[in-house]
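Note sheet for the following structure.
The values are calculated or read from the model by the stated rules, or taken from the named source; none is laboratory data. Keep in mind it's a predicted model, so treat the numbers as computed, not measured. Here Cβ is always computed from backbone atoms with ideal geometry, including for glycine, and neighbour counts include all displayed protein chains.
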Amino acid sequence: MKLKFLTLIFFSIYFISVKAQEREVQKLNAYRNVIVPVQFDSAKQENEYLLSSLTRHLLKQHGFKVFMDNETLPIAAQKDPCLNLRASVLTQGGMFAFTTEVTLVFYDCRNQIVYKAKGSSREKKFDKAHQEALREAFGKFGGYRYAYEPLKKGEQHETQLQQKQSIQKQLATQYNWEGKRYQLQKIEVGYLLLDAEGNRKAVITENSEKQYLFNSADINGSLKIDTNQDLIVEYFNMQTGKQEKIILSAINQ
């Protein structure tokens, strides 16, 4: 009787854990694309242990639209980086470790973790061990298959809930960038960024998902405002193939 009770408890905990994992992975549906680095941060070379190409392959198997970070993104993804997720694979274990551990992580445009899963392997060969551990991490997806579901009106990503004040209250009047002074001018759809001569250099708008966008002749990316009223613009650099950022420092008079 006691054994049956313990077995029931075990399966109940397992079932709850699986359901929680399924709910977590559903968060990925709010994004259109996944960008996979050719070289992960913890890797010593491009496509080390074939993890980058394997990540791309496994994501496509689950129905994701996947781009390597050296590929050209669709225009919509370039203009609104918050439509994209960035996949990362973190590895642990080395020559004297008995177990190779891999953590699959998805970051949003503000570098916040949306979802992560871990896998491990006791295989002795490095390449096979890392691939086996990555496959186990993807195994946490279960029967999940990607299906894009944009956030409903009024919903926000967790990282956006921090911006409860209106953008007007958060913004400074003037900014400095690369030694030049700029000012903001309110317009119906957002703000114009003007140089000292009054020339338009960029447009700041807010999309339907309450994300701020920065669009200029050279830079199209997401914008956030820090506690110092500085503007932090994150964008995908087509020439370097990497996510980069610029900071416009607030001038508080």
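So here's what we get for this one:
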item	result
Residues of the stretch 229-240 that turn out to be of a type outside the set (D, E, K, R) and surrounded by 16 or more Cβ atoms within 10 Å (Cβ to Cβ), as a count	6
Where a residue in the stretch 108-120 is within 17 Å of Phe138 (Cβ to Cβ) and its partner, wherever it lies, is in a loop (DSSP other than H, G, I, E, B) and at pLDDT 85 or above, with Cβ under 9 Å and at least six apart	Val114/Tyr31; Val114/Asp108; Ala117/Lys140; Ala117/Phe141; Lys118/Lys140; Gly119/Lys140; Ser120/Thr99
Subset of the stretch 221-242 [part of a strand (DSSP E or B), polar (S, T, N, Q) and modelled with pLDDT under 85]	Asn237
Which numbered condition Arg110 fails, given (1) modelled with pLDDT of 90 or more; (2) under 30 Å from Ala217 (Cα atoms)	(1)
Residue check, Asp226 in contact with a strand residue (DSSP E or B) (Cβ under 8 Å, 6 or more places away or on another chain), surrounded by fewer than 16 Cβ atoms within 10 Å (Cβ to Cβ), more than 25 Å from Ala77 (Cα to Cα) and among the charged types (D, E, K, R)	no
Top-ranked residue in the stretch 209-236 [being of a type in the set (Val, Ile, Thr) and under 19 Å from Gln112 (Cα atoms); ranked as farthest from the chain's Cα centre (by Cα)]	Thr227
Complete set of residues in the stretch 174-209 that are of a type outside the set (A, V, I, L, M), modelled with pLDDT under 85 and in a loop (DSSP other than H, G, I, E, B)	Glu188, Asn207, Ser208, Glu209
Cross-chain or 6+ apart pairs with Cβ under 8 Å, the stretch 59-83 first and under 18 Å from Asn111 (Cβ atoms), then loosely packed, with under 15 Cβ neighbours inside 10 Å and of a type in the set (D, E, K, R)	Asp69/Lys242
